[in-house]
Amino acid sequence: MLPTKLRLFTKPDCPLCDDAKAELEKIAMKSSIEVEEINITTNMGLFTKYKNIIPVLEMDGKQLFVHQINTSALKRKLAWRRFRRLVGGL
């Protein structure tokens, strides 16, 4: 099964972003996820959109979490997505 792709919007010198990355690394050890880290400081549009709410985690183009990642909720969402893929062929 292909890994679930997540997008993490971050910026340098962001303690909340560092915490989010650490949590995602822990989850990646047990789940099949692929995290694309996007530095918002390299794109003015992204910076304007996300500067006050980073880190932002997206899955399937939808915002899952801002400021903090709720690891329990993320694990449930990942499990539900895996289940839907298995039964629905998504």
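Some points to look at:
- Restricting the calculation to Cα atoms, the chain shows an Rg/Rh of 0.99 when the hydrodynamic-style radius is the Kirkwood one.
- If you take all other residues with their beta carbon under 12 Å from the beta carbon of Phe9, and give Lys and Arg +1 and Asp and Glu -1, the sum is +2.
- In region 4-88, lysine pairs with alpha-carbon atoms under 19 angstrom apart (chain gap of 8 or more, or interchain): 22
Laboratory data are not the source of any read-out in this text; all were calculated from the coordinates shown. Everything quoted here is computed from the prediction, not taken from an experiment. Neighbour counts run over all protein chains shown; Cβ positions are idealised from the backbone, glycine included.
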